[in-house]
1. Hey, can you tell me all the residues within region D:199-229 that are at the interface with another protein chain (Cβ under 8 Å from one of its Cβ atoms), in contact (Cβ under 8 Å) with a residue 12 or more places away in the chain and open to solvent by 50 Å² or more (accessible area, probe 1.4 Å)?
2. Scan region D:230-245 and tell me whether some residue there is out of contact with any helix residue (DSSP H, G or I) (no Cβ under 6 Å at 6 or more places or on another chain) and without any contact (Cβ under 8 Å) to a residue 40 or more places away in the chain.
3. Restricting attention to region A:160-183, does a residue exist that is in contact (Cβ under 8 Å) with a residue 12 or more places away in the chain, under 13 Å from A:G118 (Cβ atoms) and surrounded by fewer than 18 Cβ atoms within 10 Å (Cβ to Cβ)?
4. Determine whether B:R106 is at pLDDT 85 or above and more than 26 Å from D:Y213 (Cα to Cα).
5. Would a scan of region B:84-94 turn up a residue that is in a loop (DSSP other than H, G, I, E, B), within 14 Å of chain D (Cβ to nearest Cβ), among the hydroxyl-bearing types (S, T, Y) and surrounded by 19 or more Cβ atoms within 10 Å (Cβ to Cβ)?
6. Can you tell me which residues in region A:249-293 are touching a residue at least 40 places away in the same chain (Cβ under 8 Å), of a type in the set (A, V, I, L, M, F, W, C) and within 11 Å of another protein chain (Cβ to nearest Cβ)?
7. With the checklist (1) open to solvent by 70 Å² or more (accessible area, probe 1.4 Å); (2) within 14 Å of another protein chain (Cβ to nearest Cβ) in hand, flag the one item B:I163 doesn't pass.
8. With the requirement that a residue be over 15 Å from the mean Cα position of the chain (by Cα), at pLDDT below 85 and at the interface with chain C (Cβ under 10 Å from one of its Cβ atoms), what does region D:273-302 give you?
Amino acid sequence: MRHSLRNLLSGAALALLAGLAPVTGASAETLRYATIGEPPSLDVHMGTATIAATIGQHMFETLYAFDSTFEPQPLLASGEQLLDDGRTIVMTLRQGVKFHNGKEMTAEDVVASLKRWGEFGARGKLLMANATSLEATGPYEVTLKLSEPNGAWKSMLAFPNGGPVIYPSEIVTAAAGEPIAPENYVGTGPFKFKEWRGNRHVELVKFDEYVGVDAPADGYAGARVAEVDAIRFIPVPDVGTRVSGVQAGDYDYAEFISGDLYGVLKDDPSVKIHLSGAPIFGLMFMNSKEGPLANNFELRRAIQTALNKEEALRVSVGEEALWKANGSFFPEGNIWYTEAGTEAYSEGNPEKAKEMAAAAGYDGTPIKLLVSTNYKTHFDQATVFTRQLADAGINVQMVVVDWATLLKKRAQPDQWDMFVTHHGNIPDPILLTALNDSYPGWWATEDKTALKAKFTGTSDLAARRAAWSELQALIYEQVPTIKVGDVYSYDIASPSLKGMGETTLIWPHFWGVSK
Amino acid sequence: MLKVRNLVVAAGSPSAELDIVSDVSFEIKRGEVLGLVGESGSGKSITSLAVMGLLPHPHIWVRSGAIELDGADITEEPPHLRVERGHGGVSMIFQEPMTSLNPVLRIGEQIEEAVRVHDGSTGETARIRARELLEMVRIPDARLQLNAYPHELSGGMRQRVMIAIALACRPQVLIADEPTTALDVTVQMQVLSLIRELCDAFDMGVLFITHDLGVVSELADRVAVMYGGKLAETGPVADLFRNPLHPYTGGLMGCVPDPGAGHRRFRTIPGQAPKPGEVPQGCKFAPRCDHVQPVCRSGAIPAVAAGPAHAAYCHHPLSRELT
Amino acid sequence: MTTKLRSFLSVFAARPVALLGLVYLVTIVTVALGADVIAPYAPEAIEPINRLSPPSWGHLFGTDHFGRDTFSRVLHGSRLALLIGVGVVSFALATGVPIGIVSALFPRLGRVLMRMVDVMMAFPSLLLALGLIVILGQSVANAILAIGVIYLTTTARITYGVTLRLREETYVEAARSMGASTVWMIRRHILPNMISPLLVQASFVFAFAQLGAASLDFLGLGAPPEIPSWGNMLAESRIYITRAPWLLFYPGLMIVLTAFSLNLVGDVLRDRLDPRFREMLSNRQRR
Amino acid sequence: MLAYVLKRTGAAIATLVAASIVIFIFIHLIPGDPIYVMLGDEATPEQVEALRIRLGYDQPIYVQYFYWAGNVLRGDLGTSIFFQEPVTLIIRDGAETSLLLATVTMVWIVALGVPVGVLAAIRQGTWIDQGLSGIAMLLASIPTFWVGLYLILIFAANLGWLPSSGYPSIFEEGGLSNLRYLLLPSLTLAAPNAALILRLTRASMLDVAKEDYVRTARSKGIRPYRVVLRHILRNALLAVVSAFGFTFAALISEAVVTETVFALPGIGRMVVQSILRRDYPVIQGVILVIVCLYLVINLLVDISYRYLDPRVDLE
């Protein structure tokens, strides 16, 4: 009797201790990833949100994937043949790949997915607009025919942001132009969808029947092995909270840490820094349709001349290791890197700008600069630019709105003259928003159209690079948009995570990672 | 029994204090009703609260003098200490029956609370005693009323409940501070006669505070008249009414409709009672007195006596029948 | 006038801390008026090389991530703090008082009006303010409006209660029976008696408006971010809490001191002017 | 009693209908368009139009209202545009955090505000009273997020005693120990509210202490602590209880700032984020629920007076 009482008491004490002990919440097998916000949808075809790509790549796979040198390698595909000068692409698929619902992936699924992507997807038209046919030419063979050769086809099929991930055919057919609902998040990746609880988390769990590529992991290519049982993506919008959360062990990984914390965090043993290998760059678009800037390239160049990008980058990013005042739209070392036109990139010369503006007939008309506070860097850069332009006698009025309002307003040409946004890393210049004639700003001069045709009309790399050089020079001449500079974001991780690379390529991935 | 000697009550802060009752002495014996009379602001209520040990500390306090009950000094003791030390012989009923009962507690609970403290009884015993007390103060359906809330009773009934609570404290002296002012005339008489009956039945002393000399003449055995925080005159009720010494007493009586006179004399005292702090030097009544002389305005006031128990503080008493 | 002022000040003499609060408020008003002269730098002057430098003789409160002088920005911020306070109080009084008086004097209309006030009170106040700002757009005027609406309801309720009581009071009844016009009654009897409770209410609304504005700023929906307000300074610098704690400390301190001083002064006024409204006020004050 | 509850419920429903119309109109006045947010950067005008028709946003606003109200009556608050999930589910998820946070905060408020207010009142005028009242006023003057940020800095980042942010459900792994995630947020939120309750309790105690019946109680010779507890506090709390109700209701929405600082998945932050995303159904649903909660609490407070104060007659 006494004995059992003692047992009971010690049991209760243990339970109490267990309850009070600072456990990290979930078991060691759940990896906790603190995200900056929530994805709008995880249907990768439809949106280009970074967060959707980050989460989505664990569930959904593309036919090709970039290796660590950004060269596309087969993933769901096993190889391809180019016929007819590159106008016909015959891709063979890996056999025995299972969807999360147990079904085997076949050419039918690939065709349905690529068709939906081509018709409704965020980035699909760039490739599929020129497609004359897309067919399953065998259970594991897909043939794509293009009217023109497209040198960027493989990069486009490998780029998972807004990219052609493969869903089961019945799901894509049913969804058509609407976003796929969470219960139909079925892919072929090493993790499968478990639940999405609004404001709380998205949880993926290990897919036991995953069939991967039989090759060492390299970048996004090669084998994808799920080492943890589950990954939880938890929205933590406050950066300070994300940092202290990793320091305290509440999260294993936290994305988008503010540049100003870099100096402190790089010496902090409780966190490990992962720099992004692919810079994001700020862009300030000009309205080519309406307003004082519409066709006044001289005034645009005056604005360009007034700006000192280094100041803007220093203020908005801070730590010098995290930014680079690079005028080229691609980082140095990238095959698309060129210095064409970049001498005008960051002159920061108010006197010269004043003269140029006067010569352009600028009469002090207020220039409306649309900017959102949802992105601190946007706002910081806009603040610096407004100040610099004021020094050059150019009257800029900031119109500060939230991001949703900005998206709506920028579609209306009479609402703005300039707006600030940013651009993610892309594998091919064709994906640059500025090259899209219908992107707000609506830059569609004859010069542009001619050069763009030259650029896309060939699959010869050297010819395409030359054309891109001219295009970049034209951007500095007609100034449809102004590049602010390269910003290298960084994430932090718990030092106990094993298997993470030193830098992330574009989006961090957690196959091959254990804790 | 209850003796108050040279009581001085001060108000304000220690740095700026002010005597609001000064040098008041009186005595109440068993079975005797002492009427304490004065206009509002004369210090009679403060005196009664001092006797009860209920002065609102720290704003008002007894500066000197003594209050003794059966020889024990209870001056500095609040009621709960008196109970603890066995001096709990004074209880009190207040002017406002409407607000003097706790609105959220049943009548029974409020009486039992007092019973428990003073009898040490609990539970059913306390409840029975509470019912007896209600019956004693002539409340019909006593058993039922125990469960009533104060707002369910009329003013007269509530004052009876207050008396029951006071009786529950088994008092030797009952202080009644203008207990009938707020009541209807008919109810007033019932309550007054109840108090007189209980005084006789329990052989209690009663300190009856009022501004109404008429009530005093009916009820009291002896009278003390206060003016400006001081005693003006004390004496047996018959002597005082027959032969008032202090001009103020005379004035008060002038305010009483005299049923004996052929015409209604209704004289008022000119002027107003002094506010504390504005009291004049010398006799405080001097500014309003018909008989005022220069000597009244300074120095100490002599006591004059017109019998063994009848005295006043005045330079120029109304009556020459002095001893 | 001087005797009135003296009696006003004498209230504070007994409460030295409240006197300090009053002195602080007078200082803030002076600073706000003279910010251009007193501030060593223009509040928007950027100096990226000197960003995030700690407090020094050159920059008393350090600099922010633009290299702007925090001291100068804090000084300029007092302008917006006062503007918001005065704006919110004026709005609440200008709308709440007429609604309250009219409701009390014309019971039929009053039932409808007070019902509407009830509906407004049922709305979560901060969310109501946020919603208004998103609808109207971000500007100082709209921030004032959004916070003012919250206190419109409390002011209307208080005015309603006071007017009802005054209306019952005999002298007002008497005035009415003598054929006095409603306007005369409002001007002669109701408004003068309303000053004390409204003055007290105003000082608290002023204080709570500071906190409300700071909350809106912090959520990024208050004063436009290019305006140096204390709340915006806090919102912008929260990520530097470890790196540059002074950025968070000084603007926060100013908010606390301002709200605290206003509360102290309001407390003294309340004790002095009308203890009856104590409960009413403390019951209804909500950010 | 029943008649009273029915009458009050009727009035509450009228308020709710009025509020729902106001909410609906307000929300549709918000500039910006959920469809742009949904479809992202590069949607074509045809896509936008198609989705607008599918969601019914092409209908006149009163048609949209009746459609929505009809669904609400059937217990269907609609589907989130952003999450593609029923609003009721989203609210249920957020409600756990919000209600628990409000409850824990309320415990702090009552546990700190009332006893300390009583202490200040019975020591009225002493340095204890002045000190406590001064601290209370200071706490009521500090912006909550400022307190929150410093609490995180001290207790989470520097000392590492408590989690800095987030809140896993108590129904998940960790169970009730997950409540520790709410410790700092609840303290942050409690500080100014406890200060208000403290001041109210103190003022109310002092008011009641002047009542005649307190003097009666003293005259009976009962002990001072009993006078305070049974006679003063009990009556003083009558004034405080209605403030408890208001405070609890206000905590749900006031928590927005605290939820943002501590990254808590509560309904307050849900509303703010939904406003930014123009997720109309979620905003409408959550605000409707909050208004409903406010009305229910109001009703409960009034009914509770029936039991607390015998003078109140509900008929």
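1. Once the filter is applied, which keeps residues that are at the interface with another protein chain (Cβ under 8 Å from one of its Cβ atoms), in contact (Cβ under 8 Å) with a residue 12 or more places away in the chain and open to solvent by 50 Å² or more (accessible area, probe 1.4 Å), region D:199-229 yields D:D207, D:E211.
2. The answer is yes, given that some residue of region D:230-245 is out of contact with any helix residue (DSSP H, G or I) (no Cβ under 6 Å at 6 or more places or on another chain) and without any contact (Cβ under 8 Å) to a residue 40 or more places away in the chain.
3. Checking region A:160-183: at least one residue is in contact (Cβ under 8 Å) with a residue 12 or more places away in the chain, under 13 Å from A:G118 (Cβ atoms) and surrounded by fewer than 18 Cβ atoms within 10 Å (Cβ to Cβ).
4. no
5. no
6. If the condition is that a residue be touching a residue at least 40 places away in the same chain (Cβ under 8 Å), of a type in the set (A, V, I, L, M, F, W, C) and within 11 Å of another protein chain (Cβ to nearest Cβ), then A:A254, A:I257, A:L265 are the ones that fit.
7. All conditions pass for B:I163, except number (1).
8. D:I275, D:L276, D:R278
The values are calculated or read from the model by the stated rules, or taken from the named source; none is laboratory data. Computed from a prediction, not measured in an experiment: that's the story for all the values here. Positions of Cβ are backbone-derived with ideal geometry, glycine not excepted, and every protein chain shown enters the neighbour counts. Only protein heavy atoms, including side chains, enter the accessible area calculation; ligands, DNA and RNA are left aside. Shrake-Rupley method; radii C 1.70, N 1.55, O 1.52, S 1.80 Å.
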